[in-house]
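*Asks:* Right, I'll just put the structure down here and ask away after.
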Amino acid sequence: MSVNGKTILITGGNSGIGLATARLLLENGARVAITGRDQAKLDAAVAELGGDVLGIKADVNNLADIDVVVKKISEAFGSLDVVFANAGISGATPLGSTTLEAFESIVRTNLTSVFFTVQGVLPLLKEGSSVILNGSVMRELGSPGSSAYSATKGAITSMAKVFASELAPKGIRVNTVIPGATRTPIWTRGSRAGATVDATEKAIAPRIPMGRFSDPEELAQAVMFLASNASSGMTAAEIVVDGGNIGAPWGIPLFRG
Ligand code: NDP
């Protein structure tokens, strides 16, 4: 499973799953570009990662920023072997008290911008390239108050299949990682501001057969496999990394004899 020498763009690469993936791919000889909106977090990530990493401040919701990403990657790398469309936000959208702005901001970031990221970088992708989307187990959990987030992640699964069909003639593969709850700062943002990942994990882990959150590094391993030629026969596929959350829901501690 080699990514040595591959050029890779990770949106939302300054935190969480994106950052862990950037670290692993760099360790394995890839040339990596990461994006994020927060310049300070981006600078900290670039400093921490060192190596052959290109940090680009870019909001995926802004098409002009996507153009900047394409231009900078074109200048630095010439082309792209892999794009990991990972940037995403969570947020509560309960029926009865959700504004149009709150709902649409999640749809814009988690769905619309994934489409336009892939469309934007398409000219840089060569035959043999790999597109990887980031979905979520939330697409099928029916978690109360998560309509917008869950719907965007269901849509990612659908959209990945369409991308795979459209890009098969170009020899470009499209696959999805499906994380379950993972130890990242997403659990401390927005409506969860003030919460800690540890406290949230303690509350939620009993609903997961393996009894714990995943580490972002465990997602990074799945992304590296999909980025590498080891997965050359796979397109329109997905890898679920969720401690059994959706595959074996009756394996949770509550149901043990
Ligand atoms: P983090 O909050 O740690 O990382 C999210 C990343 O997305 C940050 O780098 C953030 O950078 C970036 N981002 C958010 N909005 C934008 C934007 N408009 N433009 C550019 N970058 C943006 O969370 P995770 O690592 O957990 O999340 C990564 C992905 O994994 C998301 O798609 C999420 O839905 C998915 N996921 C996560 C799970 C979990 O339990 N952690 C479970 C299932 C799926 P910045 O703040 O600088 O903009």
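*Asks:* Can you give me the long-range amide H partners of residue 55? Hydrogens built in the peptide plane at 1.01 Å from N, cutoff under 5 Å, separation of 5 or more residues or another chain.
*Replies:* 34
*Asks:* Mean separation of Cα pairs under 8 Å and 6+ residues apart, divided by the residue count of the chain: what relative contact order is that in percent?
*Replies:* 20
*Asks:* Same structure, new question: In whole percent, what relative contact order does the stretch 74-143 give with Cα contacts below 8 Å and a gap of six or more residues?
*Replies:* 54
*Asks:* Around residue 252, under 13 Å between beta carbons, what's the net of Lys plus Arg minus Asp minus Glu among the other residues?
*Replies:* Net of charged neighbours comes to +2.
*Asks:* I would also like to ask the following. Residues of the chain: accessible area per residue at 1.4 Å, in Å²?
*Replies:* 45
*Asks:* Would you kindly state how much longer the chain becomes between residue 112 and residue 40 on full extension, computed as 0.36 nm times their sequence separation minus their alpha carbon distance, in nm to one decimal?
*Replies:* 23.4 nm
*Asks:* Classify the stretch 7-245 as rounded, prolate or oblate, taking a ≥ b ≥ c as the square roots of the eigenvalues of its Cα gyration tensor: rounded when a/c is under 1.5, otherwise prolate if a/b is larger than b/c and oblate if not.
*Replies:* Verdict is rounded for the stretch 7-245.
*Asks:* Straight distance only, please: which lysines reach the Cα of residue 71 with their own Cα at less than 25 Å, same-chain residues fewer than 8 apart left out?
*Replies:* Residue 71 reaches 6, 41, 57, 126, 170.
*Asks:* Summing +1 for each Lys or Arg and -1 for each Asp or Glu, what net charge is found among the other residues whose Cβ lies under 13 Å from the Cβ of residue 2?
*Replies:* -1
*Asks:* When only C-alpha pairs under 8 Å and at least 6 residues apart count, what is the relative contact order of the stretch 64-205, in percent?
*Replies:* 26
*Asks:* Expressed as an acute angle from 0 to 90° and rounded to the nearest 10, what is the orientation of the C-alpha long axis of helix 147-167 relative to the principal long axis of the chain?
*Replies:* Helix 147-167 and the main axis of the chain meet at about 30 degrees.
*Asks:* Dipole magnitude of the stretch 7-245 about its Cα centre, charges +1 at Lys/Arg Cβ and -1 at Asp/Glu Cβ only, in debye to the nearest 20?
*Replies:* Charge dipole, the stretch 7-245, about its Cα centre: 260 debye, nearest 20.
*Asks:* While we're on this one: Taking amide H atoms as placed 1.01 Å from N in the peptide plane, list the residues 5 or more away in sequence, or in a different chain, whose amide H sits under 5 Å from that of residue 126.
*Replies:* 80
*Asks:* Give me the percent of accessible area attributable to carbon and sulfur for the chain, probe 1.4 angstrom.
*Replies:* Percent of accessible area from carbon and sulfur atoms in the chain: 56.
*Asks:* What is the stretch 1-84 by shape, rounded, prolate or oblate, if you read a ≥ b ≥ c off the alpha carbon gyration tensor as root eigenvalues and call it rounded for a/c under 1.5, prolate for a/b larger than b/c, and oblate otherwise?
*Replies:* oblate
*Asks:* Using a 10 angstrom cutoff on alpha carbons, build the Gaussian network for the chain and name the most mobile of 99, 196, 235.
*Replies:* Judging by the Gaussian network model, the answer is 99.
*Asks:* Lys and Arg at +1, Asp and Glu at -1: add these up for the other residues within a Cβ distance under 11 Å of residue 159 and post the number.
*Replies:* +1
The values are calculated or read from the model by the stated rules, or taken from the named source; none is laboratory data. Just so it is clear, the model here is predicted, and its values are computed rather than measured. For neighbour counting, all protein chains shown are included, and Cβ atoms are generated from backbone atoms with ideal geometry for every residue, glycine included. Each accessible area value is taken on the protein alone, full model and side chains, heavy atoms only, with ligands, DNA and RNA left out. Shrake-Rupley method; radii C 1.70, N 1.55, O 1.52, S 1.80 Å.
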